[in-house]
Amino acid sequence: MKIEEEIKQVKFKSSHQKAVINLLFTAGWLQGQQQNFFKPFGITNQQFNILRILKGQHPKTISGTEIKSRMLDRNSDVSRLLERLAAKGFINKQTCPKDKRAADVSITTAGLDLLSELDKKQKQIDAVLRLSDKEAEELSNLLDKGRG
């Protein structure tokens, strides 16, 4: 469906304004699609992002500050997200010996198992945008260009 139909607005000040509005609307829509995808697994988009970061570090630990700097949503409350992931058994948190205020974080076997299960269903979430591989690459390049 066209953005004009989605938001019931037919006039835009410019094609750039329309593109920005369409991008923001689509980002929100995509987040909703991902929420629905992750819900049966008991995690959120942000928690999935953290688990992927930790998998990339595995078997090394990483600080909460470094996790935050790598997240897609940098406004996330990383401390709260880490507590929830630890409570579910997906991560380990240990006090950093060099800085008692910081924590060293690593992914557990349960966390790796969850990501493995999600990897098997990756095509489902990838197909949400209904783009070919070429179109997805094109879109990614345009978004990179837009950010400069």
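The values are calculated or read from the model by the stated rules, or taken from the named source; none is laboratory data. As the structure is a prediction and not an experimental result, all values here were calculated from the model. Here the Cβ is made from the backbone with ideal geometry for all residues, glycine too, and neighbour counts use every protein chain on show. Just so you know, the surface numbers come from the protein's heavy atoms only, side chains and all, with ligands and any DNA or RNA stripped out. Shrake-Rupley method; radii C 1.70, N 1.55, O 1.52, S 1.80 Å.
Here are the numbers for this structure:
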item: Pairs where the first residue, in segment 43-59, is free of Cβ contacts under 8 Å to residues at least 60 places away in the same chain and polar (S, T, N, Q) and the second is open to solvent by 40 Å² or more (accessible area, probe 1.4 Å) and part of a helix (DSSP H, G or I), C-beta under 8 Å, 6+ apart; result: 44/35; 45/31; 45/34; 45/35; 47/84
item: Residues (open to solvent by less than 80 Å² (accessible area, probe 1.4 Å) and under 30 Å from residue 5 (Cβ atoms)) located in segment 47-77; result: 73
item: Qualifying positions in segment 75-114 - in a loop (DSSP other than H, G, I, E, B) and at pLDDT 90 or above; result: 77, 88, 89, 90, 108
item: Pair list, Cβ < 7 Å and 6+ apart or interchain, from segment 65-82 residues that are touching a residue at least 12 places away in the same chain (Cβ under 8 Å) and farther than 12 Å from residue 44 by Cβ to residues that are open to solvent by 70 Å² or more (accessible area, probe 1.4 Å) and outside any helix (DSSP H, G or I); result: 82/93
item: Pick from segment 5-22, criterion surrounded by 14 or more Cβ atoms within 10 Å (Cβ to Cβ) and without any contact (Cβ under 8 Å) to a residue 12 or more places away in the chain, ranking: nearest to the chain's Cα centre (by Cα); result: 19
item: Selection within segment 75-95 - touching a helix residue (DSSP H, G or I) at 6+ places or on another chain (Cβ under 6 Å) and over 11 Å from residue 50 (Cβ atoms); result: 89, 93
item: Given (1) under 15 Å from the mean Cα position of the chain (by Cα); (2) over 25 Å from residue 100 (Cα atoms), number of the condition residue 40 does not satisfy; result: (1)
item: Subset of segment 57-74 [outside any loop (DSSP other than H, G, I, E, B) and either more than 12 Å from residue 111 (Cβ to Cβ) or in contact with a helix residue (DSSP H, G or I) (Cβ under 6 Å, 6 or more places away or on another chain) (or both)]; result: 62, 63, 64, 65, 66, 67, 68, 69, 70
item: Qualifying positions in segment 91-125 - without any contact (Cβ under 8 Å) to a residue 40 or more places away in the chain, open to solvent by less than 100 Å² (accessible area, probe 1.4 Å), in contact with a strand residue (DSSP E or B) (Cβ under 7 Å, 6 or more places away or on another chain) and not charged (D, E, K, R); result: 92, 95, 96, 102, 108
